[in-house]
Every structure is written in structure tokens, then in C-alpha cells.
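Asker: Sharing a structure with you now.
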Amino acid sequence: MSLDFELQRFPKEIALKDSSKLLLRPLQTHDEKTFYEFFQSVPEAERMFIKHRVSDPKIIKDWCRNIDLGRNLPLLAVKNGQIAGTATLHQQLGGWKRHVGRVSVLVLPPFRGRGLARALVKEISAIARGVGLERVEAEFIGEQEAAIKMFAMLGFSNLLRLPDYVKDMQAITHDYVLMSLNLKTDEEYAGVG
Ligand SMILES: CC(C)(COP(=O)(O)OP(=O)(O)OC[C@H]1O[C@@H](n2cnc3c(N)ncnc32)[C@H](O)[C@@H]1OP(=O)(O)O)[C@@H](O)C(=O)NCCC(=O)NCCS
């Protein structure tokens with residue numbers, strides 16, 4: 001039930017469908033430059049859907065200098081010093097949703113379609129289970145259809161869709177989609193862990 005225990009598994013090498021190998025490890029302070037470059041490599045249209053203004057270097061600097069893995073755990077997939085993808089486990093550490101973690105995932109286009117997001121979400125879900133969380137949820141903008149499909153394949157179920165409920169970084173309104181995985185009962189179906 002301890003995060004330190006879960007983190008002992010990293011760094012961890014994984015192989016994708018095309019046999020290419022990447023290293024999974026949590027974000028570290030020295031990643032500031034490469035993490036910023038990672039977000040700049042995300043297509044502009046998709047960056048609009050990210051909740052934070054990641055084109056602002058100050059945001060990434062703040063993340064890298066104030067790492068609190070118990071609250072936000074960004075797991076990076078690194079290839080030749082470049083970040084190919086990341087998934088983050090967000091925890092509330094109190095309140096009504098203290099048993100629910102939130103997962104977000106992002107993979108750069110050149111690394112897509114090889115099972116990287118699947119591997120990252122599985123890894124984050126295993127950590128979530130290991131630290132005693134009972135559920136993980138994921139939030140989407142209605143247009144993120146590939147991601148919604150992928151999370152469904154991993155056993156996440158659709159909890160709700162609220163029409164025109166959220167606004168992207170350009171203040172354009174979109175549907176809000178919430179999905180969730182029950183870590184106590186859904187693990188066999190999802191093959192997570
Ligand atoms: C969605 C995203 C994370 C998928 O990354 P990826 O590494 O290409 O995904 P994977 O290769 O692990 O694919 C896993 C499954 O998802 C499905 N999938 C992935 N991309 C898909 C697409 N564009 N269209 C349809 N299905 C897709 C596939 O069916 C795949 O299953 P398979 O292994 O049986 O073929 C990536 O496209 C991305 O970063 N998108 C932008 C950010 C985003 O939407 N994040 C989600 C918000 S939390």
C-alpha cells in the first residue's frame with residue numbers, strides 16, 4: 001500500500017508491438033527541457049484539449065521543480081533521451097474522491113499505434129491499485145474518440161457524457177466524457193496490472 005514500494009519497479013524497460021524498447025520512469029527535475037519539448041511536439045489541434053497551458057515554459061518548470069508524486073505521478077516513456085509518451089496518476093489525498101485516482105495519457109504521433117498508451121495506462125492502473133485506490137477515472141473531451149475507444153478496451157466503462165459542458169484552451173465548448181475502472185472487480189477483464 002505504499003507508493004515508495006510501487007516505485008521500486010522503475011526504471012522499467014518495455015517492448016512495444018514493433019519490438020522497439022522504451023524506458024518507463026517517473027518525472028524528474030532534470031526533465032524540464034525534454035518535457036517542455038515533448039509538449040511542443042504535440043499537434044496544435046490536440047494541445048487545445050490539454051487542461052494546462054503547456055506551451056508556457058513556466059508551467060512545465062513549475063511541474064518539474066515541485067514534484068509531488070503522491071499527488072501527481074507523471075510516468076514517462078523515454079526513448080534515446082526523448083519523451084515519447086506520458087501517463088499521469090492524479091490523487092486527491094482527501095475528500096469524497098480520496099479512493100479514486102485520475103489517469104491521463106498522451107503519446108506523440110510518431111510513437112502511436114504500437115501499444116504505448118495501453119502499456120502506460122496499465123502501468124498507472126497497477127500503481128493505483130498498489131497504493132490502495134479503488135477506482136481510476138479518466139476525463140475526455142467528446143472528440144477524443146481514439147482515447148475513449150482505447151480506455152474502453154482496457155475495461156473502463158462510460159459513466160457519463162454531458163453535452164457542451166467543458167471549454168478547451170480556445171474557449172470552444174465540447175462534450176465532457178467521464179470513464180472509470182473499478183480496480184477491485186474489473187482487473188481480470190481489463191488485464192490490467
Ligand atoms: C489516444 C492515444 C493516447 C493512443 O495512443 P497509442 O499509443 O497510439 O495507443 P495504443 O497503440 O496503445 O493503442 C491501444 C488501443 O487503442 C486503440 N486506438 C489507439 N489509437 C486509435 C485510433 N486513432 N483510432 C482507433 N483506435 C485507436 C487501438 O484499438 C489499440 O488497440 P490494439 O492494440 O488492439 O490495436 C494517443 O492517440 C494520444 O495521445 N491522443 C491524444 C491525447 C488523448 O486523447 N489523451 C486522452 C485523454 S486522457
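Asker: Where the only charges are on Cβ atoms (+1 Lys, Arg; -1 Asp, Glu), what is the dipole of the chain about its Cα centre, to the nearest 20 debye?
Answerer: Dipole about the Cα centre, nearest 20: 320 debye.
Asker: Kindly state, to the nearest 0.05, the FRET efficiency for Lys12 paired with Ala146, given R0 = 22 Å and r defined as their beta-carbon distance.
Answerer: Calculated transfer efficiency: 0.30.
Asker: While we're looking at this one, here's another question. Residue farthest toward the positive end of the dipole of segment 3-190, with Cβ of Lys/Arg at +1 and Asp/Glu at -1: which of Met179, Leu75, Gly101?
Answerer: Positive-end residue among those listed: Leu75.
Asker: Give me a comma-separated list of calculated 3J(HN,Hα) values for segment 134-142, in order, Karplus coefficients 6.51, -1.76, 1.60 applied at θ = phi - 60°, integers in Hz, x for any Gly or Pro.
Answerer: 9, 9, 10, 10, 9, 10, 9, 8, x
Asker: Using alpha-carbon pairs under 8 Å, 6+ residues apart, how would you state the relative contact order of segment 92-193 in percent?
Answerer: Once divided by the residue count of segment 92-193, the mean separation gives 28 percent.
Asker: Can you tell me the dipole magnitude for segment 96-148 around its Cα centre, using point charges on the Cβ only (Lys, Arg +1; Asp, Glu -1), in Debye to the nearest 20?
Answerer: 220
Asker: While we're looking at this one, here's another question. When the Cα atoms of segment 90-193 are enclosed in a convex hull and the volume is divided per residue, what value in Å³ results?
Answerer: 112
Asker: Here is a further query. So for segment 1-157, averaging the separation of alpha carbon pairs under 8 Å that are six or more residues apart and normalising by length, what relative contact order in percent results?
Answerer: It comes to 21 percent, rounded to a whole number.
Asker: Going by amide H atoms built from the backbone, whose H comes under 5 Å of the H on Leu183, apart from near neighbours?
Answerer: Arg135, Val136
Asker: Tell me what the chain gives for mean residue ellipticity at 222 nm when only DSSP H runs of n ≥ 4 count, each as -39,500 (n - 2.57), the sum divided by the residue total, rounded to 500 deg cm²/dmol.
Answerer: Value at 222 nm, helices only, nearest 500: -7500 deg cm²/dmol.
Asker: I would also like to ask the following. Could you work out the per residue convex hull volume over the alpha carbons of the chain, in cubic angstrom?
Answerer: That works out to 122 Å³ per residue.
Asker: Still on this structure, please answer the following. Positive end of the dipole of segment 3-190, charges at C-beta (+1 Lys, Arg; -1 Asp, Glu), about the Cα centre: which of Tyr36, Leu160, Ser20 has its Cα farthest in that direction?
Answerer: Looking along the dipole axis, the top candidate is Ser20.
No value in this document is a laboratory result; all are computed from the given coordinates. Predicted model, so just to flag it, every value in this text is computed and none were measured. FYI the Cβ positions are ideal-geometry reconstructions off the backbone, even for glycines, and counts take in every protein chain you see.
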